[in-house]
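A quick write-up on the structure given underneath.
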Amino acid sequence: MEYAETVYSHPSFKRNRDPILEVLRDCLPATARVLEIASGSGQHAIYFQAALAATKWQPSDPDPNCRESITAWANRKDSKILPPLSIDAQAESWGISEGEEYEAIVCINMIHITPFSCVEGLLSNASRILAKNNLLFLYGPFKRSGEHVSQSNQRFDEDLRRRNSEWGIRDLEIITSRADREGLALSEVIEMPQHNLSVIFKRS
């Protein structure tokens, strides 16, 4: 079997895959059709679909090199994930066909390394795509009430903003307020290792 040349591997994947999996196992329907936004290397998609075997996992990424990596990992692991889509989170429309239903949208470690327009696009498109009571799952570092939850998160935020002034750790309360305006109600906030959070919204 021929593999794609571009194969990315992120060290954080091995650290966070199992804690995230346990949350997804609890909140996703067993046969959920899942749309993952900003799948990156594709490692999470491969791992979660294998562990949650009855799910249909649709990865996506706007970067062609990332989509190549997703395909390469899928080939190497003989994965049942669907071929990756080209979706830019900040686009006004993601081009999802009418009647194409997803029980959940998953977005891991994206919103702090993209402009806030990607957060706005994620929330508005999730609102259009998800049916009532279906889920939007976010994972990553967040501020709480405008404050960092750890010194390490503060240092990380400062580093992100040095690299790109449009990046940075987001305030959970701002995200929650924007989500509420889009008809996405905060359902649960779960503390995760390394000062990260899993945040679950339900379409109201």
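Read the figures in this text as sums done on the coordinates, not as results from a lab. Here the structure is a predicted model, which is why all the values come from computation and not from measurement. Glycine gets a Cβ as well: all are built from the backbone with ideal geometry, and neighbour counts include every protein chain shown.
How big is the dipole moment of region 11-203 about its Cα centre under a simple scheme where the beta carbon of each Lys and Arg is +1, that of each Asp and Glu is -1, and everything else is neutral? Debye, nearest 20, please.
380 debye
Contact order normalised by length for region 118-179, with contacts defined as Cα pairs under 8 Å and 6 or more residues apart; what percent is it?
Reported as a whole number, the value is 38 percent.
So if R0 is 30 Å, what FRET efficiency would R161 and I96 give, r being the distance between their Cβ atoms, rounded to the nearest 0.05?
Working from the Cβ atoms, E equals 0.40.
Return the long-range amide H neighbours of F142 (sequence gap of 5 or more, or a different chain), with a cut-off of under 5 Å between placed amide H atoms.
L197
Applying the Karplus parametrisation 6.51 cos²θ - 1.76 cosθ + 1.60 with θ = phi - 60° to the phi angles of region 31-43, what ³J(HN,Hα) value in whole Hz is obtained for each residue in order, glycine and proline being reported as x?
So the Karplus estimates, Gly and Pro as x, are 10, 4, 9, 10, 9, 9, 9, 6, 5, x, 5, x, 5 Hz.
Please state the shape class of region 11-203: rounded when a/c is under 1.5, otherwise prolate if a/b exceeds b/c and oblate if not, all from the C-alpha gyration tensor.
rounded
Ratio of region 148-191's C-alpha Rg to 2.2 N^0.38 Å, to two decimals?
1.39
Taking R0 as 25 Å, what's the FRET efficiency between A131 and K80 from their Cβ-Cβ distance, rounded to 0.05?
0.55
Expressed in nm to one decimal, what extension gain is obtained for the pair E22 and D171 from 0.36 nm per residue of sequence separation less their Cα-Cα distance?
Full extension of this stretch gives 51.2 nm more.
What is the spread of the Cα atoms of region 104-179 along each of their three principal axes, largest first, in whole Å?
Extents along the principal axes: 38, 21, 18 Å.
Using the Karplus curve 6.51 cos²θ - 1.76 cosθ + 1.60 with θ = phi - 60°, work out ³J(HN,Hα) for each residue of region 174-182 in order, rounded to whole Hz, and write x for Gly and Pro.
Values per residue, Gly and Pro as x: 5, 4, 4, 5, 5, 4, 4, 5, 8 Hz.
Can you list the residues, at least 5 places off or on another chain, whose amide H is less than 5 Å from the amide H of S60, using H built in the peptide plane?
E36, A38, S39, L85
Which value in nm describes the separation of the simple spin-label points at S117 and S9, placed 7 Å from the Cα toward the beta carbon?
3.5 nm
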